[in-house]
1. Could you check the simple spin-label distance between Val34 and Ala191, using points 7 Å along Cα→Cβ, in nm with one decimal?
2. What ranking of Lys165, Lys160, Lys176, Lys285 emerges when the number of other C-beta atoms within 10 Å of each C-beta is taken as an exposure proxy, fewest first?
3. Give me the one-decimal nm value for the distance between modelled label points at Ala67 and Arg323, 7 Å along each residue's Cα-to-Cβ direction.
4. Under a point spin-label approximation (7 Å from Cα along Cα-to-Cβ), what is the Arg241-Leu112 distance to one decimal in nm?
5. Can you list the residues, at least 5 places off or on another chain, whose amide H is less than 5 Å from the amide H of Val203, using H built in the peptide plane?
6. Using the Kirkwood radius built from alpha carbon pairs, what does the Stokes-Einstein equation give as D for the stretch 168-227 at 20 °C and 1.002 mPa s, in µm² per second?
7. As a test of the formula, what do you get for the chain when each DSSP H run with n ≥ 4 contributes -39,500 (n - 2.57) and the sum is divided by the residue count, at 222 nm and rounded to the nearest 500 deg cm²/dmol?
8. Place a +1 charge on the Cβ of each Lys and Arg in the chain and a -1 charge on the Cβ of each Asp and Glu, then give the dipole magnitude about the Cα centre in debye, rounded to the nearest 20.
Amino acid sequence: MQMSLDVTGLHVLIAGVPVESRRVIRRWNAAGAVVRCIESPDAVTPRLLRGVSLAVIVGNQANDDGAWAPLTASCRDLGIPVSVEEPAAPGGRVTLVGGGPGVEDLLTVRALDALREADVVLFDRLAPYRNLAALAPGAELIDVGKTPGNHPVSQANIEKLLVSKAQQGLTVVRLKGGDPFVFGRGGEEVASCRAADIPVSTVPGISSSIAVPAAAGIPVTQRGVAHAFTVVSGHAPLTERELESLAGLGGTIVVLMGVGTLPHLTSGLRRAGMASIVPVAIVEKGYSPEQRTTISTLGGAVTAAGLARCTSPAVVVIGDVVRQHQGCDEALEQALTHPMVASSHPLVAS
Ligand code: SAH
């Protein structure tokens, strides 16, 4: 239902069986209407219709027109318009939705469709959640967001919640930042749903691993510069073997959740033979007004990050592709001649 009319205070009668009408009821409530409900055509009385401006029959036009004929007839007599809306699908299900790097206009069309249909949305801190009430007008919104070191809802409880809401017959959306399967624990959530026999599907999202470098004007691959890129998590420190493989590959290294482990990573890569002059970009808060790119080198990245007070969320890009960032050369020059000073760019267009 696209609500372009102001229906605040409008009395709306919703006719239909509760399990099918719940989403319609929630949408009209969310839009500010005063909702009355009836479950059975026998309940139609003149008193019920008093003050009603619109009647909504929840059901399929062809099947339910007959059953609700008394209501339609009474409304016609009283000049009350009647509309028919699709019922909620029977049986619960879960859709994992990738929300992209945090802004609404980087949600996919399929993600928007899933949100519009949702009865419940469980969302994260990095997902685009600010306008969720409008994007998912029929849904209960549950913040399961995690800030570093603070886990309001544990992963096990998130999975339990997904399953229990779907078992109640609800259409559940699990909205995550970026792509659900890139360091998003999406695989675990799919497994939990499958174990409980809940139908589950995934809507991919634009991963910050590619999109946030792009926001800083950095392509993760470039002909003649890098023909591979590796996305690594900085959540836990890499092993010596992993560091050696990474340094040996010669492509771009993209690190998520890497601010805290930057010293370990940069020193490890240098130990593994990577040159200390390899450029490094730290792109913080991509796509927000506070987006900032700090340019340095592998040898100077920790100092630069410290001076610039870089914080999470940030994507770290290591490799020659960083030179594509506008102003990189000047920043690198500065970083090499004055290794204690890194250049910070306030908002960088893609
Ligand atoms: N599934 C997500 C990644 C989850 S891990 C994806 O595909 O993007 C969380 C990490 O993603 C953060 O610590 C940060 O490194 C990165 N990240 C996500 N959104 C970001 C943003 N808007 N700006 C900078 N980094 C971001």
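Each reported figure results from applying straightforward, stated rules to the coordinates on display, with no laboratory input. Treat the numbers as computed from the prediction; the structure is a model and nothing was measured. When we count neighbours, we look across all protein chains shown, and the Cβ atoms used for this are built from the backbone with ideal geometry, even at glycine.
1. 5.3
2. Lys160, Lys285, Lys165, Lys176
3. Taking the two extended label points, one gets 6.9 nm.
4. A separation of 4.7 nm, rounded to one decimal place.
5. For Val203, whose amide H was placed from the backbone, the distant partners under 5 Å are Leu96, Val97, Gly98.
6. Working: Rh = 13.8 Å.
Translational diffusion coefficient: 156 µm²/s.
7. Per the formula, -9000 deg cm²/dmol.
8. Dipole size: approximately 420 debye.
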